[in-house]
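See below for the structure under consideration.
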Amino acid sequence: MKGGGGRDDQGAWLRGRPEKLALKQEIFAEVEEHAPESCTLTSNTSVMPITGIIGGLRLKSRALGTHWWTSPHMIPLVKVVCTEWTEDAAADDALR
């Protein structure tokens, strides 16, 4: 997914896996190794704090949470959950 905001050549990566904290932390750590630094990392979790998932990342500023409303094809609305680390550019791109 390409962003069109404040970060050049930005991509976005959305994590959608079972609601197990250790698994999410492991996946995010692996993706962070391979994703360009301009890529925003997101999780579509609704049952645990995004800070617990991304707390171990080197670049926490590019990570945030998202949550679609049911049914997304009928209600085009996404909740964006920023942390104390999320930079404005990542939040802006998530809202586009």
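For the reader, a short list of remarks on this structure follows.
- Output for segment 18-60, where each listed residue is open to solvent by less than 40 Å² (accessible area, probe 1.4 Å), small (Gly, Ala, Ser) and within 12 Å of Trp85 (Cβ to Cβ): Gly55
- Subset of segment 48-80 that is of a type in the set (Val, Ile, Thr) and either more than 23 Å from Leu21 (Cβ to Cβ) or in a loop (DSSP other than H, G, I, E, B) (or both) - its residue that is modelled with the highest pLDDT: Ile75
The values are calculated or read from the model by the stated rules, or taken from the named source; none is laboratory data. Remember, predicted model here, so these are calculated numbers, not experimental data. Neighbour counts run over all protein chains shown; Cβ positions are idealised from the backbone, glycine included. These area figures cover heavy atoms from the full protein model, side chains too; ligands, DNA and RNA do not enter into them. Shrake-Rupley method; radii C 1.70, N 1.55, O 1.52, S 1.80 Å.
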